[in-house]
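Since the structure comes first, as structure tokens, the remarks are kept for the end.
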Amino acid sequence: MIEFDIDRVDFAKGGGLVCAIAQDCLTLQVLMLAWMDRAALEETIRSGEATFFSRTRRTRWRKGESSGNRLRVVEIKADCDADALLLSVEPLGPACHLGSTSCFGGASAPGLGRLGALERTIAARAAAPPSQSGTANLLAAGPKRIAQKLGEEAVEAALAGVAGDGREVCEESADLLYHLVVLLHARGLTFADVMAVLERRATAAPT
């Protein structure tokens, strides 16, 4: 059950409905917009899966009930006026009924959201036999080997930073980030854990 104070939501302003925006919890990509009445929000909180209200059919519907492309809700936030909701979700398949990742177009996560998408891809590849995936093979070698590869990539990125052109710097940086995400996965960590450290540092009182 998701922790959220439903009583602070202002359903009256929208005639009993509030808009709900679904955003990928890893990539931060906006996936879709739909509507909720109080009962739909209550069901979402209770079930942990996004449930909406259809304004045309005048009934509730759970995302993915026919396609299987559900939205597992991680967190719900209300905006400053409490008449719109932001759902942080884990998508279990394409969010758009046309088969695309997002109803707003674009097959992949934008900008830094690509790191979240990479993290999800590595987690999926980890389930494959080592012979079928380079990532799975690297993970099977264990953290020590992954850390060694990360060190090698760090040196190559540093050398490119000194003597390479812009393209080479970007290529080596991409390799470095990939191996960092693999190492985090091998240690049971995620980029969210790293971001939490940066957030603590940013909010810490200056010394």
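Of all residues in segment 23-38, those satisfying the criterion of being in contact (Cβ under 8 Å) with a residue 40 or more places away in the chain and either farther than 26 Å from L115 by Cβ or assigned to a loop (DSSP other than H, G, I, E, B) (or both) are C25, L26, T27, L28, Q29, M36. Within segment 57-84, restricting attention to residues that are surrounded by 11 or more Cβ atoms within 10 Å (Cβ to Cβ) and not in a strand (DSSP E or B), the residue that is modelled with the lowest pLDDT is E65. Scanning segment 117-153 for residues that are surrounded by 17 or more Cβ atoms within 10 Å (Cβ to Cβ) and either touching a Pro at 6+ places or on another chain (Cβ under 9 Å) or not assigned by TED's automatic domain parsing to the domain that holds D175 (or both) yields a total of 3.
Looking only at helices (runs of 4 or more DSSP H) that fall completely inside segment 120-194, which ones have 2 or more residues that are among the hydroxyl-bearing types (S, T, Y) and modelled with pLDDT of 95 or more? Talk me through it step by step, then tell me what you get.
On the way: elements: 134-141, 143-163, 166-186.
The qualifying helices (runs of 4 or more DSSP H) are 166-186.
If you filter segment 41-56 down to residues that are surrounded by 21 or more Cβ atoms within 10 Å (Cβ to Cβ) and free of Cβ contacts under 8 Å to residues at least 40 places away in the same chain, you find that the one that is farthest from L17 (Cα to Cα) is A50. Pairs meeting the criteria (first residue in segment 7-22 and over 20 Å from G48 (Cβ atoms), second residue of a type in the set (F, W, Y), beta carbons under 8 Å, at least 6 apart or on different chains) are L17/F11; L17/W35; L17/F53; C19/W35. Among the residues of segment 7-40, the ones that are touching a helix residue (DSSP H, G or I) at 6+ places or on another chain (Cβ under 6 Å) and among the hydrophobic types (A, V, I, L, M, F, W, C) come to 3 in all. Taking every residue in segment 118-138 that is more than 14 Å from Y178 (Cα to Cα) and pairing it with any residue that is charged (D, E, K, R) and at pLDDT 90 or above, at least 6 positions away or on another chain, the pairs with Cβ-Cβ distances below 8 Å are S133/R125.
The values are calculated or read from the model by the stated rules, or taken from the named source; none is laboratory data. The shown structure was predicted, so the numbers you read here are calculated from the model rather than taken from an experiment. Don't worry about glycine lacking a Cβ; one is built from the backbone with ideal geometry, like all the others, and counts go over all protein chains shown.
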